[in-house]
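One structure is given here, and the rest of the page talks about it.
The values are calculated or read from the model by the stated rules, or taken from the named source; none is laboratory data. All values reported here derive from a predicted model rather than from experimental measurement. No Cβ is skipped: glycine too gets one built from the backbone with ideal geometry, and neighbour counts run over all protein chains shown.
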Amino acid sequence: MTVLLIIAIVALFGITLWQLSKIFKMSQTSASGSDNQVANDKDNKYNGYLMLAFVIFIYAITIYCFIAYRDFYLPEAASEHGSEYDSLFFITLVVIMITQIITQFLVHYFAYKYKGKEGNRALFLADNDKLEFIWTITPVIVLSGLIFYGLYTWSDIMNINDDDDPLVVEVYAYQFGWIVRYSGEDNTLGKANVRFIEGINTVGIDETDTYAMDDVVARELHLPVDRPVLFKFRSQDVLHSAYMPFFRAQMNVVPGMITQFKFTPTITSEEMRNSEFMVDKVRKLNKIRRERSKELIADGQEGLDTYEFEYYLLCNKICGISHYNMQIKIVVEPQEEFDAWMAKQTEFGKEIASK
């Protein structure tokens with residue numbers, strides 16, 4: 001806080017000196033009788049060219065960023081609704097980019113074309129109903145189309161159909177980690193409350209609820225591929241956000257209430273790991289890690305491990321000091337492998353019976 005205060009004082013002092021220098025310069029101008037504050041034809045021409053140069057710079061840096069940072073793009077969505085999400089995002093991006101390119105070009109080109117020139121006077125146009133109608137109705141139509149398309153996509157994604165027989169999974173957030181609770185054979189989660197948290201009961205399951213006895217608590221999130229999954233989110237302490245970028249899924253996790261989100265995973269962890277996109281990305285990442293490891297080892301520190309791809313559920317809210325490392329691995333696998341993994345887990349009823 002002290003450092004910020006010092007920086008603010010220094011900045012204000014610099015602004016004060018700058019303003020004083022302008023006042024001093026204006027006083028000298030008034031004494032000499034000249035007014036060099038008024039732009040002449042040379043100044044206007046120079047600034048007109050600068051405006052053209054700037055719009056070219058904007059386009060160049062935009063193209064560069066799209067090319068240079070393409071490694072940061074996500075691969076194809078690993079969920080059923082992901083393609084709809086990506087289509088909406090792409091269409092919105094295209095509309096914004098076309099609008100930006102046209103408007104920025106016109107603004108900078110007109111600044112050059114209609115630059116000030118001695119003897120020229122600007123044409124005053126009181127109004128033009130036709131032009132005003134065009135530039136008013138066009139954004140209305142475009143934005144309305146995007147909004148209705150977005151609402152349709154959102155409703156389609158968020159609509160939960162019980163006829164799909166989704167696997168019900170609770171994701172429990174706390175500072176700074178995640179705990180998963182499966183609904184067991186009855187596919188119904190037992191009641192839970194943070195007041196019941198004690199000992200092995202890490203998510204506050206109600207021990208008197210018969211539906212809770214077959215619930216399974218785990219520290220790893222396993223999902224069967226091509227089966228709908230209904231996530232129910234709870235928070236123990238502060239606001240978190242469950243973020244699964246490869247599945248194009250995110251939902252706020254709010255203390256005192258249950259939020260939910262449903263999607264169907266379509267690409268297993270193994271399939272994504274062996275995809276051309278991910279193989280190339282992992283190769284580039286490990287190259288960077290090897291170079292960094294050499295620097296660390298030279299400084300007497302431990303080198304970095306080789307990176308291997310996994311799906312992860314992350315927290316997308318700044319929830320505290322260890323927010324950056326709040327994550328849990330997601331394993332998407334065939335139904336047979338998921339059933340085999342579930343068979344190795346211990347039901348909640350058996351856990352409390354053996355304590």
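So here's what we get for this one:
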| quantity | calculated |
| --- | --- |
| Failed condition for Gln236, given (1) farther than 18 Å from His81 by Cβ; (2) outside the structural domain of Met257 (by TED's automatic domain parsing); (3) touching a residue at least 24 places away in the same chain (Cβ under 8 Å); (4) of a type in the set (S, T, N, Q) | (2) |
| Tally, over the range 292-323, of residues that are part of a helix (DSSP H, G or I) and either over 26 Å from Asp280 (Cβ atoms) or β-branched (Val, Ile, Thr) (or both) | 3 |
| Candidate set: the range 77-98, residues that are of a type in the set (Gly, Ala, Ser) and more than 13 Å from Leu146 (Cβ to Cβ); chosen: the one surrounded by the fewest Cβ atoms within 10 Å (Cβ to Cβ) | Ser83 |
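Every residue, every condition in (1) small (Gly, Ala, Ser); (2) touching a Phe, Trp or Tyr at 6+ places or on another chain (Cβ under 9 Å); (3) not assigned by TED's automatic domain parsing to the domain that holds Ser322, yes or no:
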position: Pro139; (1), (2), (3): no, no, yes
position: Leu143; (1), (2), (3): no, no, yes
position: Val169; (1), (2), (3): no, yes, no
position: Gly177; (1), (2), (3): yes, no, no
